[in-house]
């Protein structure tokens with residue numbers, strides 16, 4: 001029996017749910033023999049990631065689980081997206097999530113996603129390079145499909161500005177970014193953002209690829225819409241805070257971004273798509289390999305959240321079965337396994353909710369409570385009780401042998 | 001399955017208890033088949049309304065459950081009583097709870113309730129109109145029996161003053177109101193209150209109705225005693241905070257007052273007495289009707305608390321049976337039902353206590369935990385765990401679909 005441990009943290013996005021069929025949650029309905037076996041041999045509980053009744057975002061929930069109090073560290077989503085696509089942010093950079101969108105001749109948004117672009121982003125991005133507005137460097141990075149990230153780099157800028165994305169199906173012009181506060185930096189940043197939206201239209205509407213799309217009767221990706229402004233501030237890495245090495249296996253940019261923010265090494269895994277079709281076997285094998293090199297492996301599975309947002313019970317059950325396969329592979333390792341979700345995404349409401357999520361801590365020497373099934377109802381009587389994301393982090397750090405005593 | 005929900009919150013005042021007979025609580029002893037049926041189909045837990053070990057007042061407990069942190073918003077009970085009898089408070093008004101009492105010829109209180117007046121309050125109040133002391137307007141409003149509310153309106157006043165009600169069976173003069181702090185406003189207000197008590201004696205002792213009472217050998221209601229000073233400050237309504245409409249069905253002034261403070265519409269129900277004899281069927285029907293118009297219905301039942309303060313187990317069991325009837329009617333609606341208490345009032349001590357109270361959240365898609373009986377012991381293993389009043393509020397707001405995500 002190992003005294004101190006390596007650990008794998010598996011976060012299944014949006015796994016928690018409500019009574020969806022025959023009064024049962026997807027976890028109660030699914031076939032998951034390996035998860036239940038581990039449950040019988042571990043400690044369980046419920047996690048209110050950000051506190052009871054608080055609806056967690058994906059970014060804030062992961063910050064908490066990785067040990068960064070969102071009330072202190074969360075400065076908007078943009079920086080995590082930028083970090084997630086591999087961009088090296090500098091202290092003070094202001095980053096935004098971005099969409100390629102379509103505006104009509106009257107500059108009204110007719111599609112927030114430009115007909116859901118496929119892989120045209122990088123080519124279109126070619127016309128958005130080396131930009132500068134009011135002396136501030138403007139950097140655009142394409143991501144998957146219609147998505148991208150916009151970064152402002154320079155003096156006297158702020159993240160206290162509102163979105164230009166109208167977040168609406170109504171056909172209206174992009175919103176004017178407004179300063180959210182009275183300071184000069186916010187006013188200046190809002191002005192730069194508004195100019196950049198106009199500039200993107202000028203640059204993109206004449207792009208040959210858009211001309212071609214229009215010929216084919218497709219929507220042109222002729223404007224950028226911004227949202228989720230956040231300022232980047234460097235923080236202590238997990239290594240600096242606790243002393244152990246760590247890595248991240250994830251398909252989607254956001255989770256890689258949060259992991260990079262925490263100083264984790266990002267491992268790239270073929271077949272990790274961030275969707276229901278993700279290859280969990282490949283992820284499991286990558287995690288096994290990573291355990292030889294790192295103390296802590298954070299493995300993110302996105303598909304269950306996608307399934308919930310689509311209201312698709314079958315797909316969610318499939319993701320739980322994939323999770324079962326994943327843990328059957330990983331339980332062969334000597335490392336501790338921690339299995340949980342960042343938040344619930346109940347199929348019946350197709351959005352994040354505050355319902356607490358199940359937690360399982362499994363390892364040789366971990367206390368074995370009386371719970372025999374990994375689901376929201378069974379683990380409610382588990383020996384971990386009800387904990388928060390920050391508390392789970394502390395439990396993991398101690399289990400790994402890197403905790404610090406309070407007092408002596 | 002409903003996507004987002006309307007909700008009825010039923011608060012049974014003082015419902016929680018201790019082991020009162022055969023080692024069981026009244027909820028364990030009572031016959032309540034409908035409550036238990038809903039319990040089998042819902043989520044349960046225990047609520048420490050203001051935190052573990054804190055004895056909640058009725059006012060502070062309700063503030064918390066409705067989403068107003070008492071540590072921030074509670075400024076004394078007076079304003080809630082004034083609002084509860086329908087008075088329109090203005091910002092800065094200082095309100096007191098008041099009793100008609102009896103003083104003897106030596107100005108000593110011989111009965112704090114003037115022999116528990118029946119319905120003479122309004123007639124006596126006729127002599128207490130259009131008063132002004134030191135330039136401050138003094139308004140008296142009679143309430144039920146010997147009760148009333150006193151409001152001071154003007155500049156330079158404060159709620160930091162002590163009670164004149166001696167709260168004692170000892171025959172002593174009314175207490176001198178004292179400033180609770182060093183400022184001029186408190187000193188001035190205490191002086192005005194003391195003058196008002198004297199003035200009330202002058203005005204009431206010569207009232208024909210009191211002359212008549214004395215002839216009949218009854219105690220004259222010849223003085224006003226004040227307590228529970230509080231200053232009124234307008235707050236954001238529930239509609240402004242969360243976006244949903246709400247109404248209140250209650251028999252007693254305090255609860256209507258807290259509801260008005262939160263911007264809820266007060267519905268008047270014939271037979272809602274605030275006592276053990278309350279007509280729960282009428283209240284249930286009023287709630288069903290209200291659901292057509294409002295998103296959220298707060299339904300208060302007082303009788304269980306009265307029974308506990310009287311040490312009357314039979315009456316408390318009767319109130320639980322009435323609650324069972326109430327939920328049998330309301331469970332036919334599509335709305336979520338939340339059933340709880342503001343605090344425990346154990347029969348053995350006849351006062352509020354810090355013992356946590358049971359909570360049941362019932363609705364189509366709500367998780368169904370393994371608890372099968374709605375009582376303090378059974379729900380302790382429920383899936384909600386132990387929550388606070390403010391946390392229950394957040395859970396309800398999210399369940400109704402009006403929550404806000406923290407992060408994105």
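The values are calculated or read from the model by the stated rules, or taken from the named source; none is laboratory data. None of these values were measured; they are calculated from a predicted model. Don't worry about glycine lacking a Cβ; one is built from the backbone with ideal geometry, like all the others, and counts go over all protein chains shown.
Condition check ((1) within 20 Å of residue B:350 (Cβ to Cβ); (2) buried (at least 17 other Cβ atoms within 10 Å of the Cβ); (3) without any contact (Cβ under 8 Å) to a residue 12 or more places away in the chain) across all residues:
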{"position": "B:7", "(1), (2), (3)": "no, yes, no"}
{"position": "B:10", "(1), (2), (3)": "no, yes, no"}
{"position": "B:15", "(1), (2), (3)": "yes, yes, no"}
{"position": "B:28", "(1), (2), (3)": "yes, yes, no"}
{"position": "B:33", "(1), (2), (3)": "no, no, no"}
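Counting only residues that are closer than 17 Å to residue B:380 by Cα and buried (at least 20 other Cβ atoms within 10 Å of the Cβ), which one in region A:370-380 is farthest from the other protein chains (Cβ to nearest Cβ)? First the steps, then the outcome.
Of the residues in region A:370-380, the ones closer than 17 Å to residue B:380 by Cα are A:370-371, A:376-380.
Imposing the further condition that a residue be buried (at least 20 other Cβ atoms within 10 Å of the Cβ) reduces the set to A:371, A:376-380.
Details: A:371: 11, A:376: 6, A:377: 5, A:378: 8, A:379: 9, A:380: 4 Å.
Only one residue fits best here, namely A:371.
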Next item on the list: Could you figure out which of (1) outside any helix (DSSP H, G or I); (2) over 28 Å from residue B:240 (Cβ atoms); (3) within 14 Å of chain A (Cβ to nearest Cβ); (4) in contact with a strand residue (DSSP E or B) (Cβ under 6 Å, 6 or more places away or on another chain) isn't true of residue B:360?
Entry: (3)
Notebook entry, point to check: Residue check, residue B:342 against (1) facing chain A (nearest Cβ under 9 Å); (2) modelled with pLDDT of 95 or more, all met but one. Which one?
Noted result: (1)
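If we keep just the residues of region A:107-134 that are assigned to a loop (DSSP other than H, G, I, E, B) and without any contact (Cβ under 8 Å) to a residue 60 or more places away in the chain, which is surrounded by the fewest Cβ atoms within 10 Å (Cβ to Cβ)? Before you say what the answer is, go through the steps one by one.
Just the residues of region A:107-134 that are assigned to a loop (DSSP other than H, G, I, E, B), to begin with: A:107-108, A:112-120, A:129-130, A:134.
From what's left, without any contact (Cβ under 8 Å) to a residue 60 or more places away in the chain: A:113, A:116, A:118-119, A:129-130.
On the way: A:113: 16, A:116: 11, A:118: 9, A:119: 9, A:129: 10, A:130: 7.
Filtering region A:107-134 for residues that are assigned to a loop (DSSP other than H, G, I, E, B) and without any contact (Cβ under 8 Å) to a residue 60 or more places away in the chain, the one surrounded by the fewest Cβ atoms within 10 Å (Cβ to Cβ) comes out as A:130.
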Notebook entry, point to check: On the given criteria, is residue B:309 touching a helix residue (DSSP H, G or I) at 6+ places or on another chain (Cβ under 6 Å), over 26 Å from residue A:21 (Cβ atoms), more than 8 Å from chain A (Cβ to nearest Cβ) and touching a residue at least 24 places away in the same chain (Cβ under 8 Å)?
Noted result: no
Checklist line | Given (1) part of a loop (DSSP other than H, G, I, E, B); (2) away from chain A (no Cβ under 14 Å); (3) under 26 Å from residue A:386 (Cα atoms), number of the condition residue B:5 does not satisfy | finding: (2)
Item checked: All positions within region A:370-399 that are touching a helix residue (DSSP H, G or I) at 6+ places or on another chain (Cβ under 8 Å) and in a loop (DSSP other than H, G, I, E, B) -> A:370, A:371, A:372, A:373, A:374, A:375, A:376, A:377, A:384, A:388
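In region B:381-408, how many residues are more than 10 Å from chain A (Cβ to nearest Cβ) and either at pLDDT below 95 or surrounded by fewer than 23 Cβ atoms within 10 Å (Cβ to Cβ) (or both)? Talk me through it step by step, then tell me what you get.
Going through region B:381-408, the residues more than 10 Å from chain A (Cβ to nearest Cβ) turn out to be B:389, B:400, B:402.
From the residues that got through so far, the ones that are either at pLDDT below 95 or surrounded by fewer than 23 Cβ atoms within 10 Å (Cβ to Cβ) (or both) too are B:400, B:402.
Number of matching residues: 2.
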Checklist line | Selection status of residue B:367, buried (at least 24 other Cβ atoms within 10 Å of the Cβ), over 19 Å from the mean Cα position of the chain (by Cα) and farther than 29 Å from residue B:55 by Cβ | finding: yes
Notebook entry, point to check: Can you tell me how many residues in region A:38-94 are without any contact (Cβ under 8 Å) to a residue 24 or more places away in the chain, more than 11 Å from chain B (Cβ to nearest Cβ) and not in a loop (DSSP other than H, G, I, E, B)?
Noted result: 1
Next item on the list: Could you check residue B:286 against (1) touching a strand residue (DSSP E or B) at 6+ places or on another chain (Cβ under 8 Å); (2) in contact (Cβ under 8 Å) with a residue 40 or more places away in the chain and say which number it fails?
Entry: (2)
Check: Could we say that residue A:190 is in contact with a helix residue (DSSP H, G or I) (Cβ under 6 Å, 6 or more places away or on another chain) and more than 15 Å from residue A:99 (Cα to Cα) here?
Finding: no
Notebook entry, point to check: Does residue B:227 satisfy the condition of being under 18 Å from residue B:141 (Cα atoms) and in a strand (DSSP E or B)?
Noted result: yes
